[in-house]
1. Restricting to segment C:203-221, count the residues that are surrounded by fewer than 22 Cβ atoms within 10 Å (Cβ to Cβ), in contact (Cβ under 8 Å) with a residue 12 or more places away in the chain and out of contact with any strand residue (DSSP E or B) (no Cβ under 9 Å at 6 or more places or on another chain).
2. Given the conditions (1) touching a residue at least 40 places away in the same chain (Cβ under 8 Å); (2) more than 14 Å from chain B (Cβ to nearest Cβ), report the number of the one that residue C:155 does not fulfil.
3. Among the residues of segment D:265-276, how many are farther than 23 Å from residue A:156 by Cβ and either surrounded by fewer than 20 Cβ atoms within 10 Å (Cβ to Cβ) or modelled with pLDDT under 95 (or both)?
4. Please work out if residue A:5 is at pLDDT below 95 and buried (at least 20 other Cβ atoms within 10 Å of the Cβ).
5. Which is more than 27 Å from residue C:143 (Cβ to Cβ), out of contact with any helix residue (DSSP H, G or I) (no Cβ under 6 Å at 6 or more places or on another chain), surrounded by fewer than 15 Cβ atoms within 10 Å (Cβ to Cβ) and modelled with pLDDT of 95 or more, of C:12, C:65?
6. Filtering segment C:159-178 down to residues that are facing another protein chain (nearest Cβ under 7 Å) and more than 19 Å from residue C:57 (Cα to Cα), which residue is surrounded by the fewest Cβ atoms within 10 Å (Cβ to Cβ)?
7. If only one of D:191, D:200, D:187 is crowded, with 18+ Cβ neighbours inside 10 Å, more than 24 Å from residue D:26 (Cα to Cα), away from chain A (no Cβ under 13 Å) and touching a residue at least 40 places away in the same chain (Cβ under 8 Å), which one is it?
8. Looking only at segment C:243-264, which residues are crowded, with 16+ Cβ neighbours inside 10 Å and either without any contact (Cβ under 8 Å) to a residue 12 or more places away in the chain or in contact with a helix residue (DSSP H, G or I) (Cβ under 7 Å, 6 or more places away or on another chain) (or both)?
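The values are calculated or read from the model by the stated rules, or taken from the named source; none is laboratory data. Because the structure is a prediction, the values reported are computed rather than measured. Glycine gets a Cβ as well: all are built from the backbone with ideal geometry, and neighbour counts include every protein chain shown.
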């Protein structure tokens, strides 16, 4: 584990950079100040990048639009790998037809629709259509009535043996400097425990997220895992998952892991990043390009 | 483990009977048919009983009223030991003053109020009174807005180091033949996991429930644990808890444990009742009295 | 939570003091220096005390002998409440006859023997006597071959539905300044997970430990929980358990909880002692008596 | 979920078959009777197969030798994907130099050695070489003294922050019709819990196992996940993992899941195989070839 002053020197060592989104590129206050220079430097050096995120609440296009509106024009939808995309792939491969019931916003459901499958919020499942429900998905913590729809979900799952997918494994997410919000992954764990069934989870630290991005790259070029580095702010998801997949990893201190806690938490958890950097901002001098 | 045809022969063996309420005396359909004869027989034989229940949503008086209205006139408030009463005792002993924030109905909060302590629903905690909050209690799954108030609870607990009490350890409870409802104990576990703190739980199988009833008895008579039997429908709460406290135990098959599953579940869990009975109904013949 | 300079002022506030043994009265290096003055002061003030310990490896007599040999003459066996004594009470009440198989030393098994029950190490269970085995107890991490006897235990428990008791809930215990040892409670959890059955655990933080001591007192005098204080070095056992039972609690910093970590760990776990003291040593001046 | 009489009709539907080893191809009694015909049929139909196993105790060559000695000549080492191979890949990518301490037999350690890394049993770690230990691996439950070396492992991991790999995620494995043995995955979980650190696990149901086999195929041909089927006897590893990776799955009833329990366990766990077959034996009639 090395402490690196300037993230630029890490970019220089790898061909492809995987970034977590929240806590690395943006926070609840907007973009991490100066992060645009990182993407300029990547472009100038002809290095590639992917955003690997547990955010399943919106499609890659919507996520990219969000970055663009904040001022980060460089990010395009084809560079975003989200746990929602793995959910969509799962449905494509494993759920042939019927209704996919979901908890989340209409937006979060829209982009996972596939030919032959119809999505329907849990609130609209009735005795007349319950027979056609062939899967149930936990997509987002918004867009439904918690009390009514969570109780309804429990009872649907007690009656039907269907695959249940959790599209975001996080248990909470930050809302502001002081507040967090319960995430759909936390709610899903409560319900999994009550119904006693095994849900399918997509999201870091699970390898399947990294594999999805790795496969996107291999469609157009050959690549070795040693040429990729994963950059994240959370030891238990970004760093643990990146390490296990065989990637070098960078812990940045702009999000979940505070500068004063980094060393203690690395020692306490045993999750070791290859590097620790204050930020993912590449500080460029006049000779950088 | 013996299978006993008539619950009456068990009553004959003990001085004091502890009953679980739900699944033993009543179900979602009302009283277990014939259960009145059990209480008549207890009275005739001058045997005592206590109802030991994880229901913290109402006071002993309200719970007794409920039984009376259903037609079971024998049950008086002084015979009911609920997890809510342990919560009240905890507040008496350990929380000297301030506001006790709660999740639950107004009714559930009312009876745990003690001199010097003021209860306030989580929804009414504000920046102006948060400094006075000295404890937080999970009382009931009704009476609050799940999304707003659970998120608010998470953020209160991240900011304040106060005792948190869970007055009902169940994760779900039956609503009808087909449906269950998420209980406050399940919700509390989700939030405990998110905030990473240790909550204090009152309810079976924890010994403190049995000890509370045992102490009530010892206030007016001497008693040996061998003279008490615990009757319940749930292996993990009634039977495990009763066994651990040193009581003989009876599993009845009118609630959580179905007749066809009893043997398999006893073997799978290793939780062994002293007896298994179809019901807690004492079938009286003309010579019984 | 108040930081108290001299433990003497806490003794002055209560009638009865409960002490944890390891980390409070003794460490792996012997007695906590000066702890004798605490017991002299207790005697002078006619205050009573109990040692409440998760150590089930020896009988109360052997534990008292140990303290006496170290130079703490005041401690008598009748003042010691161990998780082994709860195990013995459980066997008395719930296991009528047969063989009690155990993992532990011969010493640890000897004192839990009761009339009618015969203890036998797991290594001596054979096809000729397995039918008589009516309970199995995890007593101590020493006295048996881990590989042979743990595998044998798993297979006995897969075949027989019998009560399984864990007489020490700790997962590890300190051996020296630098090293710990795996405790029988940790081993028991691994096996519980493999066989999928529910074991019965005795030991702090469970209320039954405190209740046992509380009942010993009530045999000869009346007492209110407000007159007792629990002194311990471990938040998750001594303080959590004492609080839940309704006692005031003192965290001392001579064992598991280091002075520099106390505040952080109290905030992180939400387990709040009534007081924090550096040690349980009563520093006496000439006017103390 | 369809019940299929003859496994041959499943082979006909897919290009590549993934098999679990234990409970599918062999049991503790030797080969599943008739399983050779399956491999003859695969060869005749020019279908490919891989053995995907959590067994890290021996190298692919040794595992293939084992099958050959039992009479299944068709299986070659290049067709075997084990959790040990993922461990070896991890070391190649992430651990540059130093000593890899291990728990297991010498054989299990030998094949994970890579250039620059030296393996050493935990028993041989001393104060003189502990500084060079750069990773620790749980390989096999045999080959070491449980009491001595597990306690030593706990203390090494408390002192050093190094990656810890668990090369077999199973908690127990069958020894005979009646007996099981504690597996290294169960031991590793106990120690992970005691030291409070996060270990890296390789083995089904984790996707990385399936990805490894999938990548081996893609080195010489293009393939779609719809053309692969995973055959296993265990719902929680083979079927859950295969499903999540997007493969069709077959539950066979020659191992962990008994014929009389299959339906109940599928409903209870919610883990749904695409097909259920009594065995993986292809019953060939004279027209099969």
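1. Summing the residues that are surrounded by fewer than 22 Cβ atoms within 10 Å (Cβ to Cβ), in contact (Cβ under 8 Å) with a residue 12 or more places away in the chain and out of contact with any strand residue (DSSP E or B) (no Cβ under 9 Å at 6 or more places or on another chain) in segment C:203-221 gives 1.
2. The number of the failed condition is (1).
3. First, the residues of segment D:265-276 that are farther than 23 Å from residue A:156 by Cβ: D:275-276.
Now narrow it down to the ones that are either surrounded by fewer than 20 Cβ atoms within 10 Å (Cβ to Cβ) or modelled with pLDDT under 95 (or both): D:275.
Residues flagged as farther than 23 Å from residue A:156 by Cβ and either surrounded by fewer than 20 Cβ atoms within 10 Å (Cβ to Cβ) or modelled with pLDDT under 95 (or both) within segment D:265-276 amount to 1.
4. Details: at pLDDT below 95: yes; buried (at least 20 other Cβ atoms within 10 Å of the Cβ): no.
No, not satisfied.
5. Values: C:65 fails: more than 27 Å from residue C:143 (Cβ to Cβ).
Only one candidate passes the filter, namely C:12.
6. In the first step, residues of segment C:159-178 are kept if they are facing another protein chain (nearest Cβ under 7 Å); the result is C:161, C:163-164, C:171-172.
Adding the requirement that they be more than 19 Å from residue C:57 (Cα to Cα) leaves C:161, C:163.
Details: C:161: 17, C:163: 22.
That would be C:161.
7. Values: D:191 fails: away from chain A (no Cβ under 13 Å); D:200 fails: away from chain A (no Cβ under 13 Å).
Within the list D:191, D:200, D:187, the selection yields D:187.
8. Quick first cut of segment C:243-264, residues crowded, with 16+ Cβ neighbours inside 10 Å only: C:243-257, C:262.
The answer is C:243, C:244, C:245, C:246, C:247, C:249, C:250, C:251, C:253, C:257.
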